[in-house]
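Reading through the C-alpha cells given below for one structure.
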Amino acid sequence: MKSLPLLFAIASCIATAYAEEPRSIAIQNDSGTKVEIYWIHPGTGKGILQSSPFIYNGAAMSLNSFVGHSFEAREMPGKNGKCLGQDMTCRVGYFTVNKNDDQQVFIDDNFEINHQDNKSVARESAKVLIDDCEAQVTRNAKEGGIGALEAIQELKKCVESGVALEVEKANEEIAFQSGIRKKMAESYENYTCADFDLPTSDAVEDTEWDDGTVVRDVKILLDRPASKVHIVKNFISVEECIAMEDAARPKLHKATVADGKGGSELSPNRKALQAGIKIPWHLEKERNPLTTISRRVYDYVNHVLGMNIDEHGQEDLMSIQYEGRGENDTAPDRYMPHCDGDCNAMPFKTGNRMATMVMYCTVPTKGGATNFRNAGLHVVPEVRTATFFSYIDPETMKMDNGFTEHSGCPVVEGEKKIVTQWVRYGVDKENPWDSFNTLGIKISDMEE
C-alpha cells in the first residue's frame with residue numbers, strides 16, 4: 001500500500017491535472033463489518049465523512065466526486081468495541097478517483113480495496129479471452145497433433161472472434177446510450193410533468209402475452225439486458241381493483257419512503273395514502289381476486305426474466321392512492337426520482353427487489369404520469385393497464401445502471417389509485433421480504 005504522504009502528493013498532482021472533471025463511483029462493502037467513507041482534503045489531509053454515517057456490510061453507496069479526489073475507508077468497531085484487523089485494530093484502505101468511467105470500489109473481507117473501472121474490466125476481459133483461447137488451442141494440439149503454425153493460426157482466429165464479439169457488444173451499448181442522450185436533448189421539454197397532453201412514449205416493439213387463459217397486448221418501451229420497461233394492456237380487472245380497494249380501506253395510512261439508513265420515514269413530498277395487503281394464498285383455488293392479481297404478476301415476471309419466481313416470502317401487495325388538489329397547489333404530491341432496487345450496475349444482493357409491476361385502477365384527469373428520465377420514457381396511466389419494469393440482468397446478475405430510475409408526476413386533478421407489487425429474488429418462507437431492511441441487508445446479519 002502507498003504511504004499516506006505519497007498518496008496525497010499523487011492525488012494532488014492528479015487533481016490539478018484533471019480539476020473540474022466529475023466522476024461517479026459506486027462503493028460495495030463486503031468487509032464483514034460497517035465502514036465509514038471519508039474524503040481526504042488534499043490540502044490538510046483531514047478526513048471529511050461522506051457516508052451517512054456508514055455503509056452496512058453487504059450494502060453499497062454512490063459518490064459524486066472529481067478526478068484526483070482521494071478517499072479513506074475506515075472499519076468501524078463491532079458491538080464488542082473491537083475490529084477485525086490484526087490485534088483487533090480497525091482496518092483502513094484508500095482509493096483515488098481516476099479519469100476512467102464506470103468506477104466501482106469493492107471492499108472485501110480482508111479489507112483489500114479492489115478499484116475497477118471500464119479500462120480495468122476491459123483488461124481483465126482480454127486476459128480471460130486470451131487464457132480461454134490458449135487453453136482451447138493447447139487442448140486441440142494435444143488431441144489433433146497440429147503443428148506450431150496451425151496452433152498460431154487457431155489462436156489468432158479464436159482471439160479475433162472473441163474480440164469481435166466484445167467490440168460488437170461495446171459498440172451496441174455506446175450507440176444505445178448515445179441515442180438516448182440525443183433523444184432526451186432534442187425532446188427535453190417534452191419529458192417533464194408540465195405537458196399534460198404528452199402521450200406515452202412510442203414502443204420499440206409490440207407483442208403479446210398469453211398466460212394460458214387470456215392474450216394481452218404488450219408494448220415494450222425499453223429492452224436492455226438489465227433494464228426493461230413494458231406496458232401490459234388489460235392486466236388487472238375491475239373486480240380485482242374493487243377487491244384491492246376494499247381490503248385496503250381500513251388500513252390506509254400516509255405513504256413512506258426509504259430513509260437511506262435501512263428504515264422508512266414520512267416525506268413532505270408524499271401525501272399519498274398506502275396500505276399493504278397480505279395475500280390469502282389458501283384461497284387461491286377459490287379464485288380469490290387478490291391471489292389472481294399476485295399470481296399474474298409472478299407469471300409475467302417469469303415470462304420475461306425466466307427466474308422461477310414464486311409467492312413465498314414476497315412483499316405484500318400495496319395499494320397506493322393519490323388525490324389531486326388543483327393546479328394552484330403549491331406543494332403537490334410528487335414521488336421524486338428513485339430506484340425501486342439497486343440501479344448502480346453492481347452485483348445483485350440476494351433477497352432484494354429486481355422487478356416492479358404497477359397496475360392502474362383509477363387514473364386522474366390531469367397529471368399522474370411516470371417518467372423514466374434516464375431512458376427518455378414517459379408513461380401515462382390507463383385504467384386496467386400495468387407498467388412492468390425490471391432492473392436485473394438474469395444472465396450476469398448485475399443490476400440496472402440507472403435506466404429504470406423513475407419519478408411520479410403530481411396528480412393535479414382527479415384520483416390515482418394503483419396496485420403495486422415489488423418482486424424479490426432469493427426470498428422464501430424462512431427468509432421473507434421483511435427480514436431485509438430498505439438497504440437490502442439481512443436484518444439478522446446487522447450489527448447493533
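Figure legend. Inter-residue proximity from the stretch 209-226: first residues free of Cβ contacts under 8 Å to residues at least 40 places away in the same chain, second residues outside any strand (DSSP E or B) and open to solvent by 70 Å² or more (accessible area, probe 1.4 Å), beta-carbon distance below 8 Å, spacing 6+ or different chains. Indicated pairs: VAL214/ASN234; ARG216/ASN234; ASP217/ASN234; ILE220/VAL204; ASP223/VAL204. The condition of being under 19 Å from LYS156 (Cβ atoms) and buried (at least 17 other Cβ atoms within 10 Å of the Cβ) holds for only one of VAL92, VAL137, that being VAL137.
Among the residues in the stretch 30-46, are any open to solvent by 50 Å² or more (accessible area, probe 1.4 Å) and at pLDDT below 85? Full working, then the answer.
From the stretch 30-46, those open to solvent by 50 Å² or more (accessible area, probe 1.4 Å) are 30, 39, 41-44, 46; that's our starting set.
Add one more test, that the residue is at pLDDT below 85, and what stays is none.
Checked the stretch 30-46: no residue is open to solvent by 50 Å² or more (accessible area, probe 1.4 Å) and at pLDDT below 85.
In the list ASP428, ASP445, ASP400, which residue meets the criterion of being crowded, with 21+ Cβ neighbours inside 10 Å and of a type in the set (Asp, Glu)? I'd like the intermediate steps shown before the answer.
Working: ASP428 fails: crowded, with 21+ Cβ neighbours inside 10 Å; ASP445 fails: crowded, with 21+ Cβ neighbours inside 10 Å.
Result of the check over ASP428, ASP445, ASP400: ASP400.
Screening VAL411 against (1) modelled with pLDDT under 95; (2) aliphatic (A, V, I, L, M); (3) surrounded by fewer than 24 Cβ atoms within 10 Å (Cβ to Cβ) leaves a single unmet condition, (3). The set of residues from the stretch 298-346 being under 21 Å from ARG373 (Cβ atoms), among the acidic types (Asp, Glu) and open to solvent by 30 Å² or more (accessible area, probe 1.4 Å) comprises just one member, ASP342. Are there any strands (runs of 3 or more DSSP E) wholly within the stretch 302-367 with 3 or more residues that are more than 20 Å from the chain's Cα centre (by Cα), and if so which? It comes to 317-323, 353-362. Residue count for the stretch 224-237 under the criterion of being closer than 12 Å to VAL419 by Cα and of a type outside the set (Ser, Thr, Tyr): the result is 2.
Cβ-Cβ distances below 8 Å connect the following pairs, each with a first residue in the stretch 389-407 that is closer than 12 Å to ASP223 by Cα, a second residue that is hydroxyl-bearing (Ser, Thr, Tyr) and open to solvent by 10 Å² or more (accessible area, probe 1.4 Å), and a separation of six or more residues or different chains: ILE392/TYR425.
Taken together, the criteria exclude ILE441 from residues that are under 17 Å from the mean Cα position of the chain (by Cα) and either free of Cβ contacts under 8 Å to residues at least 24 places away in the same chain or closer than 22 Å to TRP209 by Cα (or both).
Tell me, yes or no, whether the stretch 56-68 has at least one residue that is at pLDDT 95 or above, part of a strand (DSSP E or B) and either closer than 23 Å to PHE436 by Cβ or open to solvent by 30 Å² or more (accessible area, probe 1.4 Å) (or both). No. Scoring ARG295 on the criteria (1) open to solvent by 50 Å² or more (accessible area, probe 1.4 Å); (2) in a loop (DSSP other than H, G, I, E, B) leaves a single failure, condition (2).
If the Cβ limit is 7 Å and pairs must be 6+ apart or interchain, which residue in the stretch 44-71 that is free of Cβ contacts under 8 Å to residues at least 12 places away in the same chain pairs with which residue that is loosely packed, with under 15 Cβ neighbours inside 10 Å? Within 7 Å, the pairs are ILE48/HIS41.
Would it be correct to say that GLU160 is at pLDDT 95 or above and either hydrophobic (A, V, I, L, M, F, W, C) or more than 22 Å from the chain's Cα centre (by Cα) (or both)? Answer is no for this residue. Please determine, by comparing only the residues of the stretch 368-388 that are β-branched (Val, Ile, Thr) and in a strand (DSSP E or B), which one is nearest to ILE418 (Cα to Cα). Here the answer is THR387.
Does the stretch 270-292 hold any residues that are assigned to a loop (DSSP other than H, G, I, E, B) and surrounded by 15 or more Cβ atoms within 10 Å (Cβ to Cβ), and which are they? If you could, list the steps in order and put the result at the bottom.
The initial filter retains those residues of the stretch 270-292 that are assigned to a loop (DSSP other than H, G, I, E, B), namely 270-272, 278-280, 287-288.
Once the filter is applied, which keeps residues that are assigned to a loop (DSSP other than H, G, I, E, B) and surrounded by 15 or more Cβ atoms within 10 Å (Cβ to Cβ), the stretch 270-292 yields ARG270, LYS271, ALA272, ILE279, ASN288.
A search for C-beta distances below 7 Å between a residue of the stretch 28-41 that is at negative phi and any residue that is part of a loop (DSSP other than H, G, I, E, B) and of a type in the set (Val, Ile, Thr), counting only pairs 6+ apart in sequence or on different chains, returns nothing. Among residues of the stretch 72-90 being free of Cβ contacts under 8 Å to residues at least 24 places away in the same chain and of a type in the set (D, E, K, R), the one that is nearest to MET346 (Cα to Cα) is LYS82. The one condition from (1) within 27 Å of ILE242 (Cα to Cα); (2) among the β-branched types (Val, Ile, Thr); (3) open to solvent by less than 30 Å² (accessible area, probe 1.4 Å) that VAL383 does not meet is (3). Test each condition in (1) over 19 Å from GLU382 (Cβ atoms); (2) in contact with a His (Cβ under 6 Å, 6 or more places away or on another chain) for ARG224 and report the one that comes out false. It fails just one condition, (2).
Output the number of residues of the stretch 350-369 satisfying the condition of being under 22 Å from GLN314 (Cβ atoms) and β-branched (Val, Ile, Thr).
Residues of the stretch 350-369 under 22 Å from GLN314 (Cβ atoms): 350-361.
Cutting the leftovers down to β-branched (Val, Ile, Thr) gives us 350, 356, 358.
The total comes to 3.
The values are calculated or read from the model by the stated rules, or taken from the named source; none is laboratory data. What you are looking at is a predicted structure, and each value in this text was computed from that prediction instead of being measured. All Cβ positions, glycine included, derive from the backbone under ideal geometry; neighbour counts span all protein chains shown. Quick note on the areas: whole protein, heavy atoms, side chains included, nothing else; ligands and nucleic acids left out. Shrake-Rupley method; radii C 1.70, N 1.55, O 1.52, S 1.80 Å.
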